[in-house]
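Working notes, beginning with the structure itself.
The values are calculated or read from the model by the stated rules, or taken from the named source; none is laboratory data. Computed from a predicted structure; not experimentally measured. Note that each Cβ is placed from the backbone with ideal geometry, even for glycine, and that neighbours are counted across all protein chains shown.
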C-alpha cells in the first residue's frame, strides 16, 4: 500500500480511531468505501454515464450484482426513502455519515447526540443495515482487492499536495506539525460520482473527500488546508472579530454567499482571509474583487494588510490579533456601501417536458425480490421479505400480495393449516385479479385434499368467475373441477 502521511501536517491524532500505521493523511477510508458500495448496489447511479468515473466503480458494481445479498432489499428501501433533490445533496449526506460513523463490523455512530451532524441524523438507522451488507457482500475482500486501484488514484496527489501544504506552512510560518490539537485528513473515494469535492469540519477534525477527476483537485485541497490553518485563529480572536460584526449587515445584498457564512461571522472572516492569501500567493489581485462581489466582505482588507505581514517576522498565529484589531469599521463600511454584489443568473424557463412517471413504492421492489427468492426455493429469505412487504404496504392489494406469498411458502413447507389461513386473509384484502384467482385455486386444492369436494368445487367455480384471471389459473381451476366430476 502506498499511503501518505504528509510530513508537513502530522497532527495529534487520526480520525475514526486509526493509528499512523493504518491510515495516512492522504488515503482512502474503508468506512466511506463500504457506504458508497452499499448505495451503489441500492440505486445510486449519479454520474454513472460520465467517462470520468474511476474504473473501480464499475468493477465493484458488477461484483456486487453477482452476489446474493439478503440485506440489499432493505437497503434499497432505505436509499429510496432518503432520496434528495439533487445528486450533490444525495452524495453529501452519505459522505457526512461515512465520516461520522465508526468502521466495520458495526459502523456505529459513537459521537454524542449533540455532536451528530444534522444531515446524519436521518441516517441513524443505517448502521445495522450497513453491518449486514458488509458481511453478506464480502466488502472486506473487495476492499483488499481494491487497494492497487486506490493506490493508483492516490499517486497523482502525493507531490502536488505535499508542495501545496509546504507552501502554505511557509507563508503562514507555522510549524510543519500542523495546528496543535487539530487534524487534517484527505480521502479519495473511487465509488462516488466523479468531479466531486466535499469538505467537512467536525470539532477539531478537518476532512476533504475527493472523487475521481481528470486532474488532481489540488486547488480545493489547498483551500481546505488554509481553512484548517486559519479557522482556529478566528476562534481564538472571537471577541475582537465580533466587535467588527456590524459589517455583516451588508451581507443582506450578497445573494451568492452561502447561509453558513452569513450566520457565522468568524467563518466569514476565515473565508475572506483564505481568499486574500490565495490571491497573494497566486499573484491574482483580481481574485479579491471576485471574492468581494461573492460576499467575502473582508477579503479586500486582508489583501491590503498582508504585505505588511509578509515584511515582518512574526508568524500568522501571532500576527493575526493585531491584523483583525486594525479593521477600520468606518473605512470598510464606506467601501462596502458601493459594492455591487453578484446575483444568481435567472433560472431558465421551465422546459415543456412531460413529468416523469411516479416512482414505484418500495414495496414493489421488495415483493419482486421475494418472488424471485421463492422461485429459487430460498424459502427463509423469501419469507422475511414478504413480511417486510406487509410492513411497507399502503394499499390493501399490496398487503394481499404479501399474505399470498407467505401462503405459498407455508404450502412449500407442508403446512396446509397456515396456508389456508393466509389465503383467506389474502381474499379479504381486495387482491389483484391474478392473485385473487390463484388464491381460490389453492383453497380449492386444499379442500380437495381433505375430501371436501363440494367446497372445493365452489372455490374452483369462483376462480373461473374472476375477471382478469390468468389462463394458467383458469386451467388449474378447470382441472380441479374435472377431478371432482370423476
- [ ] Any chance you could count how many residues in region 253-304 are crowded, with 17+ Cβ neighbours inside 10 Å and at positive phi?
- [x] 1
Task: Among residues of region 308-341, those that are within 40 Å of the chain's Cα centre (by Cα) and surrounded by fewer than 18 Cβ atoms within 10 Å (Cβ to Cβ), counted - done: 5
Open item on the list: Criterion first (on the phi > 0 side of the Ramachandran plot and touching a helix residue (DSSP H, G or I) at 6+ places or on another chain (Cβ under 7 Å)) does residue 107 satisfy it?
Closed with: yes
Open item on the list: Just checking, does region 260-271 include any residue being part of a helix (DSSP H, G or I) and at pLDDT below 95?
Closed with: yes
- [ ] Evaluate region 181-195: report whether one residue or more is part of a helix (DSSP H, G or I) and touching a helix residue (DSSP H, G or I) at 6+ places or on another chain (Cβ under 7 Å).
- [x] no
- [ ] Of the numbered conditions (1) assigned by TED's automatic domain parsing to the domain that holds residue 150; (2) surrounded by fewer than 16 Cβ atoms within 10 Å (Cβ to Cβ), residue 219 fails exactly one; give the number of that condition.
- [x] (1)
Open item on the list: Looking at 292, 314, can you tell me which residue is at pLDDT 95 or above, in the same structural domain as residue 276 (by TED's automatic domain parsing) and in a loop (DSSP other than H, G, I, E, B)?
Closed with: 314
TODO: Scan region 105-125 for residues that are free of Cβ contacts under 8 Å to residues at least 60 places away in the same chain and surrounded by 16 or more Cβ atoms within 10 Å (Cβ to Cβ) and jot them down.
DONE: 109, 116, 119, 120, 123
Open item on the list: From the list 128, 160, 156, 190, exactly one residue is in contact (Cβ under 8 Å) with a residue 24 or more places away in the chain and either under 23 Å from the mean Cα position of the chain (by Cα) or outside the structural domain of residue 110 (by TED's automatic domain parsing) (or both). Which is it?
Closed with: 190
Open item on the list: Return the residues of region 210-241 that are free of Cβ contacts under 8 Å to residues at least 40 places away in the same chain and over 35 Å from the mean Cα position of the chain (by Cα); say none if nothing qualifies.
Closed with: 239
